[in-house]
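Participant: Provided herewith is a single structure, encoded as structure tokens, for subsequent inquiry.
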Amino acid sequence: MDGHSISLLKSSNSYMIFVSIFVLQTCHHLIICQVMPPSPPPSQDLVFLDPRLAAVYPVIQRFKNTITADPLNITNSWVGPDICHYRGFYCDNPQDNLTATALASVDFNGYHLGALTLEGFVDQLPDLAIFHANSNNFSGIVPQKIAQLPYFYELDLSNNNFSGAFPAAVFGITNLSFLDIRYNAFSGSVPPQVFKQTLDVLYINNNNFMQTIPIDFGSTPVLYLTLANNKFTGPIPRSIGNASSTLIEVLFLNNQLTGCIPYEIGFLRKATVFDAEGNYLTGQLPCSLGCLDKIEQLNFARNYLYDEIPEVVCSMPNLLNLSLSNNYFNHIGPLCWKLVKSGVLDVRMNCIAGLPYQRPHYECVKFYFHSFWFSWVCPWQYLMSAIPCKINSSYVSRPPGGRTSVTYPALIRHRLL
């Protein structure tokens with residue numbers, strides 16, 4: 001091979017090496033060599049039922065590329081222009097144009113999807129009204145821009161991996177009526193304004209919230225409220241009576257509430273469920289509870305209540321379950337005795353002579369020896385015998401069944417509401 005040919009070969013090899021290095025460097029700087037997920041097909045090449053669906057297609061595809069877990073292969077259906085048939089996505093006619101078709105609801109309940117954030121997804125679906133995602137592995141923060149969605153009114157992030165402070169983004173959602181953030185790891189305090197928001201349903205149970213309940217708690221317009229299984233402290237505010245026209249079910253159970261039961265609970269004439277089991281409440285049962293003529297489930301078990309169970313409390317006409325076990329009551333009358341025999345009233349582990357399954361005598365003696373110290377907890381003790389309504393003192397034949405509770409299912413981690 002002559003020198004000219006060798007020179008050409010060297011030049012050719014040098015050129016190839018140069019081109020290879022250039023491509024590798026370009027690939028490295030643009031991060032396109034098997035690092036970035038494949039881009040979604042351009043929406044302009046697809047035919048959509050409505051321009052509103054075309055607008056959210058790239059949003060969904062970008063979110064799909066961030067999914068870290070999909071054990072049920074949900075995202076396999078998120079292909080092509082027919083967004084209304086993607087699993088978990090639902091379309092409807094938007095309020096501003098009833099002839100249009102838009103993505104109105106996302107329901108990922110029970111899908112067990114994983115993603116590090118919902119930002120750039122939920123807040124970028126302009127016609128979204130409902131987002132339900134119970135039992136997934138989502139985390140991060142609740143997107144602030146979600147408040148800019150004009151039709152949004154239901155948010156369910158229950159049983160996920162959210163943590164940190166209460167999601168302040170919800171305060172800007174004007175039409176929000178349903179908020180469910182139970183079974184996460186939110187902590188700190190609950191901003192008082194959440195109890196003033198025009199919600200129908202507020203479920204914040206099974207987190208790590210720790211604070212006293214706001215003194216103006218009773219101004220809440222919420223119908224169904226669960227604060228259970230947190231670390232709320234202090235007394236049940238007397239302002240609770242101000243919720244008489246709204247509050248239907250409320251769960252305070254398994255917190256660290258103290259003080260006595262406020263007389264004003266008797267004003268909750270619409271209430272069907274009131275549960276404060278497993279706290280540190282003490283004192284007597286207020287006779288005003290007898291005014292709860294719609295109550296079906298009333299639970300003060302596992303507290304430090306004592307003295308006689310008022311007969312008027314046992315005269316509530318729709319009562320199906322009155323749980324007063326694990327307290328220190330010492331006497332019941334004939335009406336209450338009938339409820340014990342019918343299985344409506346549970347008074348196990350108290351100090352009632354003559355009944356089975358009561359506390360040992362020495363426990364009762366010890367408790368009542370120190371009970372005078374509890375008097376300072378109830379400065380309005382004189383109200384305990386007041387009855388702010390007309391009571392039917394005769395025994396009422398109770399209905400065989402009752403309505404299904406709305407709030408108790410919220411205590412089940414995977415329960416879809």
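Okay, residues lined up against (1) touching a residue at least 24 places away in the same chain (Cβ under 8 Å); (2) surrounded by fewer than 21 Cβ atoms within 10 Å (Cβ to Cβ); (3) closer than 26 Å to Ala410 by Cα:
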| site | (1), (2), (3) |
| --- | --- |
| Asn65 | yes, yes, no |
| Ala102 | yes, no, no |
| Asn109 | yes, yes, yes |
| Leu113 | yes, no, yes |
| Pro143 | yes, yes, yes |
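Participant: Is there any pair with a first residue in region 218-238 that is of a type in the set (Lys, Arg) and a second that is crowded, with 24+ Cβ neighbours inside 10 Å whose Cβ atoms are under 8 Å apart and which are 6 or more apart or on different chains, and what are they?
Facilitator: Filtered contacts from region 218-238: Lys231/Asn255.
Participant: Hey, another quick one. Could you please give the count of residues in region 69-98 that are at pLDDT 95 or above and closer than 16 Å to Ala54 by Cβ?
Facilitator: Within region 69-98, residues that are at pLDDT 95 or above and closer than 16 Å to Ala54 by Cβ number 11.
Participant: Hey, among Arg52, Arg62, which residue is in a helix (DSSP H, G or I), in contact with a Gly (Cβ under 8 Å, 6 or more places away or on another chain) and at pLDDT 95 or above? Can you show your working first?
Facilitator: Working: Arg52 fails: in contact with a Gly (Cβ under 8 Å, 6 or more places away or on another chain).
Exactly one of Arg52, Arg62 is in a helix (DSSP H, G or I), in contact with a Gly (Cβ under 8 Å, 6 or more places away or on another chain) and at pLDDT 95 or above, namely Arg62.
Participant: Can you tell me which residue within region 346-387, out of those that are in a loop (DSSP other than H, G, I, E, B) and exposed (fewer than 12 other Cβ atoms within 10 Å of the Cβ), is modelled with the lowest pLDDT? Show your work before the answer.
Facilitator: First, pick out the residues of region 346-387 that are in a loop (DSSP other than H, G, I, E, B): 347-360, 378-380, 386-387.
Next, only the ones that are exposed (fewer than 12 other Cβ atoms within 10 Å of the Cβ) stay: 353-354, 356-357, 360, 379.
On the way: Ala353: 95, Gly354: 92, Pro356: 95, Tyr357: 97, Pro360: 97, Pro379: 75.
Only one residue tops the list, namely Pro379.
Participant: List the strands (runs of 3 or more DSSP E) that sit entirely inside region 100-156 and contain at least 3 residues that are at pLDDT 95 or above and farther than 15 Å from Phe63 by Cα. Spell out how you get there, then give the answer.
Facilitator: Numbers: elements: 102-107, 130-132, 154-156.
In region 100-156, 102-107, 154-156 are the strands (runs of 3 or more DSSP E) which contain 3 or more residues that are at pLDDT 95 or above and farther than 15 Å from Phe63 by Cα.
Participant: Restricting to region 154-170, give me the number of residues that are surrounded by fewer than 18 Cβ atoms within 10 Å (Cβ to Cβ) and either among the polar types (S, T, N, Q) or over 27 Å from Met210 (Cβ atoms) (or both).
Facilitator: The qualifying residues number 2.
Participant: Considering every residue within region 321-344, establish whether at least one is without any contact (Cβ under 8 Å) to a residue 40 or more places away in the chain, within 19 Å of Ile265 (Cα to Cα) and assigned to a strand (DSSP E or B).
Facilitator: So far as region 321-344 goes, yes, one or more of its residues are without any contact (Cβ under 8 Å) to a residue 40 or more places away in the chain, within 19 Å of Ile265 (Cα to Cα) and assigned to a strand (DSSP E or B).
Participant: Within region 73-94, which residues are in a loop (DSSP other than H, G, I, E, B) and over 28 Å from the mean Cα position of the chain (by Cα)? Steps first, answer last, please.
Facilitator: The first filter runs over region 73-94 and keeps only residues in a loop (DSSP other than H, G, I, E, B), leaving 73, 78-82, 86-88, 93-94.
Of everything in region 73-94, those that are in a loop (DSSP other than H, G, I, E, B) and over 28 Å from the mean Cα position of the chain (by Cα) turn out to be Trp78, Val79, Gly80, Pro81, Asp82, Asn93.
Participant: Evaluate the following for Thr246: is it over 20 Å from Phe166 (Cβ atoms), at pLDDT 95 or above and in a loop (DSSP other than H, G, I, E, B)?
Facilitator: yes
Participant: If you go through region 225-239, how many residues are surrounded by fewer than 23 Cβ atoms within 10 Å (Cβ to Cβ) and not in a loop (DSSP other than H, G, I, E, B)?
Facilitator: The qualifying residues number 4.
Participant: Got at least one residue in region 251-263 being surrounded by fewer than 24 Cβ atoms within 10 Å (Cβ to Cβ), touching a residue at least 24 places away in the same chain (Cβ under 8 Å), of a type in the set (Ser, Thr, Tyr) and not in a loop (DSSP other than H, G, I, E, B)?
Facilitator: yes
Participant: Only residues that are among the hydroxyl-bearing types (Ser, Thr, Tyr) and surrounded by 15 or more Cβ atoms within 10 Å (Cβ to Cβ): list them for region 67-90, please.
Facilitator: Filtering region 67-90 down to residues among the hydroxyl-bearing types (Ser, Thr, Tyr) leaves 68, 75, 77, 86, 90.
Residues satisfying the conditions are Thr75, Tyr86, Tyr90.
Participant: Can you tell me which residue is surrounded by the fewest Cβ atoms within 10 Å (Cβ to Cβ) among those in region 293-314 that are part of a loop (DSSP other than H, G, I, E, B) and touching a Ser or Thr at 6+ places or on another chain (Cβ under 9 Å)? Before you say what the answer is, go through the steps one by one.
Facilitator: Restricting attention to region 293-314, the residues satisfying the condition of being part of a loop (DSSP other than H, G, I, E, B) are 293-296, 300-303, 309-310.
Filter once more, so that each one left must be touching a Ser or Thr at 6+ places or on another chain (Cβ under 9 Å): 294-296, 300-303, 310.
On the way: Lys294: 16, Ile295: 25, Glu296: 22, Phe300: 25, Ala301: 21, Arg302: 20, Asn303: 24, Pro310: 22.
Filtering region 293-314 for residues that are part of a loop (DSSP other than H, G, I, E, B) and touching a Ser or Thr at 6+ places or on another chain (Cβ under 9 Å), the one surrounded by the fewest Cβ atoms within 10 Å (Cβ to Cβ) comes out as Lys294.
Participant: Right, here's the next one. The conditions are (1) over 14 Å from Val250 (Cα atoms); (2) at pLDDT 95 or above; (3) of a type outside the set (Gly, Ala, Ser); (4) surrounded by 15 or more Cβ atoms within 10 Å (Cβ to Cβ), and Val222 fails exactly one of them. Which is it?
Facilitator: All conditions are met except number (1).
Participant: Could you give every pair whose Cβ atoms fall below 9 Å, whose first residue belongs to region 200-217 and is more than 19 Å from Gly259 (Cα to Cα), and whose second residue is of a type in the set (D, E, K, R) and assigned to a loop (DSSP other than H, G, I, E, B), counting only separations of at least 6 or pairs across chains?
Facilitator: Within 9 Å, the pairs are Tyr203/Arg182; Ile204/Arg182; Asn205/Arg182; Asn206/Arg182; Asn206/Arg413; Asn207/Arg182; Asn208/Lys231; Phe209/Lys231.
Participant: Also: Could you check Leu416 against (1) among the hydrophobic types (A, V, I, L, M, F, W, C); (2) at pLDDT 90 or above; (3) over 25 Å from Lys294 (Cα atoms) and say which number it fails?
Facilitator: So Leu416 meets the others, but not (2).
The values are calculated or read from the model by the stated rules, or taken from the named source; none is laboratory data. Quick caveat: nothing in here was measured; it's all calculated off a predicted structure. So basically every Cβ, Gly included, is an ideal-geometry build from the backbone, and we count neighbours across all protein chains shown.
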